[in-house]
Structure formats: C-alpha cells, structure tokens
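Worksheet: the structure to be examined is printed underneath.
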Amino acid sequence: GAVVSQHPSWVICKSGTSVKIECRSLDFQATTMFWYRQFPKQSLMLMATSNEGSKATYEQGVEKDKFLINHASLTLSTLTVTSAHPEDSSFYICSARGSGTGYTFGSGTRLTVV
Amino acid sequence: AQRVTQPEKLLSVFKGAPVELKCNYSYSGSPELFWYVQYSRQRLQLLLRHISRESIKGFTADLNKGETSFHLKKPFAQEEDSAMYYCALGGQGAQKLVFGQGTRLTINP
C-alpha cells in the first residue's frame, strides 16, 4: 500500500531559528501534498495544499512567509517553519495523494520551540 | 466551501452497546467521505471510505446525500474501540481533505 515517511518525528529548536520537516512518498508519486497542524486534543487543521512544481495554496489565516512549503519533486515535500517561536510548537502532519491513491498520512512531527 | 461537523466531542458507551458517531458535511461538489481513527500515541489511520463500502473492525458508514451525513456505526462496541475518531471530507481529484473536530469515544467495561 501507499506509504508516506515524515521526518523528523520530533524536534526541539531555539526561538528564532528555522526548522525543516520532510515528507516523502515511498512507493507512489504524490501529485498533491497537504500539510496539517494539530494542537493537543484538537483536530487536524489544514495549513496548505501543494501540487508538484507549483506554489502552495495556503488556507486563510496561515502565514505563507512563516510556513514555507516546497514540493519540488513527486516524492518530496518540505515544510520550513521560519523564525520559530514558542506559539509555533505543535504537531505537524503531512498527507500525500497520487493518481489512484487515497490520502496517505505521515506519522507526524512534534515541534517544540524553546 | 468544504465543511465537516461532528456534533459530539465526547461519547461514552458500555462494552457491547451499539455505537453511532455522527458526521454531517457541506460541499457543493461530489464528496468523498472518510473516517479516520487515532489511537493513543499513534498516527492517524484510515478506518473507512464511503467509496469502498466495506466494514472494518465491525464499523460501517453509509453516505446519505439527502441528509448530507456519513455517520459511523458499530452494533457492539469493544474496549479496544476507545480512540479519537475523525470524519473527513475530500473531493474528486486533488481536492483538499478537511477534518471535523473529532469525537473521543470511550468504551466502558
């Protein structure tokens, strides 16, 4: 079945630094990738949708300059949290979809900004 | 706009009792509905999708376009069913997947 690998599974960074999270589709070509954010005991909130080779489409209220998304190939998308602050601490989850596949989720990345 | 509503944040039933988790949606296009489950400290897992019309772990869900609902049902709850359940709405092609707020199901022994 379709598998998505997300890395790292957790990261701690200092306030003001940037953090990159990778999302890879291992056995299919992901034409579309989605990035979600999940706060404790809350649902997944869609941040942005990215199609390979195109600029990401951000949801209302999500700062595109803070959350940089790159989807340069059919198997890799990255989310970079720039100038991270404690309020950016959260659980970030990616999802990928290809031709004929459903939505496959990564295992998530827990980001803690200190 | 895509919207999913799960009216119950918490649901608690006894083992062996029937379970129904409600989900209503709003979407102008042709919807794809899913149920996902998240067990404690585990990743999100696909439980059901309306297209497949299958039963997983005893759970079923029927898409009712007239009522714009996709309720999740199980006739006899088991303790291992305790988890967070999310209803999600997508669309054809590369449409985004939007989640409801989730229902935390607790099965009491």
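The values are calculated or read from the model by the stated rules, or taken from the named source; none is laboratory data. Note that the coordinates shown come from a computational prediction; the quantities given were computed from them, not determined experimentally. Please note: Cβ atoms are built from the backbone with ideal geometry, for glycine as well, and neighbour counts cover all protein chains shown. Areas reflect the complete protein model, heavy atoms only, side chains present, ligands, DNA and RNA absent. Shrake-Rupley method; radii C 1.70, N 1.55, O 1.52, S 1.80 Å.
Return, ordered by residue number, the residues of segment A:79-97 whose backbone nitrogen is under 11 Å from a label point located 7 Å along Cα→Cβ of A:Ser18.
Answer for this model: A:80-84.
Just to verify a number: what accessible area does B:Arg43 come out at with the full protein assembly present, 1.4 Å probe, Å² rounded to tens?
B:Arg43 exposes around 100 Å² with every protein chain in place.
Hey, got the average number of other protein chain Cβ atoms within 10 angstrom for residues in A:48-60?
The mean count of partner-chain Cβ atoms within 10 Å per residue comes to 1.
State the antiparallel share, in %, of DSSP beta bridges confined to the protein assembly as shown, rounding to the nearest 5.
So the antiparallel bridges in the protein assembly as shown amount to around 90 percent.
Tell me the relative contact order for chain A as a rounded percent, counting alpha carbon contacts under 8 Å between residues six or more apart.
Relative contact order for chain A comes out at 38 percent.
Near B:Ser55, within a Cβ-to-Cβ distance under 13 Å, what is the net charge of the other residues, with Lys and Arg +1 and Asp and Glu -1?
+3
What list of ³J(HN,Hα) couplings, whole Hz, do you get for segment B:37-45 from phi and the Karplus terms 6.51, -1.76, 1.60, once you set θ to phi - 60° and write x for glycine and proline?
Whole-Hz 3J(HN,Hα) from phi for segment B:37-45: 10, 10, 7, 3, 6, 10, 6, 5, 10.
PRE reach from B:Gln78 (point 7 Å along Cα→Cβ): which of segment B:7-21 fall under 12 Å by backbone N?
B:16
Take the Cα pairs of the protein assembly as shown, get the Kirkwood Rh, then feed it into Stokes-Einstein at 4 °C and 1.567 mPa s and tell me D in µm²/s.
Stokes-Einstein gives a translational diffusion coefficient of 72 µm²/s.
Note the count of lysine pairs whose C-alpha atoms are less than 23 angstrom apart in chain A, limited to pairs 8 or more residues apart or on different chains.
Taking chain A as the scope, the lysine pair count is 7.
Hey, how many Å between the Cα centroid of segment B:1-66 and the Cα centroid of segment A:5-50?
Computed from Cα coordinates, the inter-centre distance equals 23 Å.
With no solvent and one point per C-alpha, what does the Debye sum give as log10 I(q)/I(0) for chain B at q = 0.22 Å⁻¹?
Here the Debye-derived log intensity ratios amount to -1.21.
Have a look at B:Ser12, B:Pro109, B:Ala88 and report the one farthest towards the positive end of the charge dipole of chain B, computed about the Cα centre with Cβ charges (Lys/Arg +1, Asp/Glu -1).
B:Ala88
Skipping prolines and chain starts, which residues have an amide H placed within reach, meaning under 5 Å, of the one on A:Ser107, given they are 5 or more residues away or on another chain?
Close amide H contacts, sequence-distant or interchain: A:Gln6.
Could you give each residue of segment A:21-37 its phi-based ³J(HN,Hα) in whole Hz, using Karplus coefficients 6.51, -1.76, 1.60 with θ = phi - 60°, and x for Gly or Pro?
Ordered by residue, 3J(HN,Hα) equals 10, 9, 9, 10, 8, 8, 9, 7, 8, 8, 6, 9, 10, 10, 10, 10, 10 Hz.
Note down the net charge around A:Ala30, summing +1 for each Lys or Arg and -1 for each Asp or Glu among other residues with Cβ under 12 Å from its Cβ.
0
Considering the Cα positions of segment A:20-77, please state its Rg to one decimal place and its Dmax as a whole number of Å.
11.8, 34
What are the ³J(HN,Hα) couplings of segment B:17-30, residue after residue, when phi is run through the Karplus curve with 6.51, -1.76, 1.60 and θ = phi - 60°? Round to Hz, x for glycine and proline.
Taking θ as phi minus 60°, the curve returns 7, x, 10, 9, 9, 8, 8, 10, 9, 9, 6, 7, x, 8 Hz for segment B:17-30.
Residues of segment B:1-43 with backbone nitrogen within less than 16 Å of a virtual label 7 Å along the Cα-to-Cβ line of B:His50, please, listed as ranges.
So the set is B:1-7, B:21-36.
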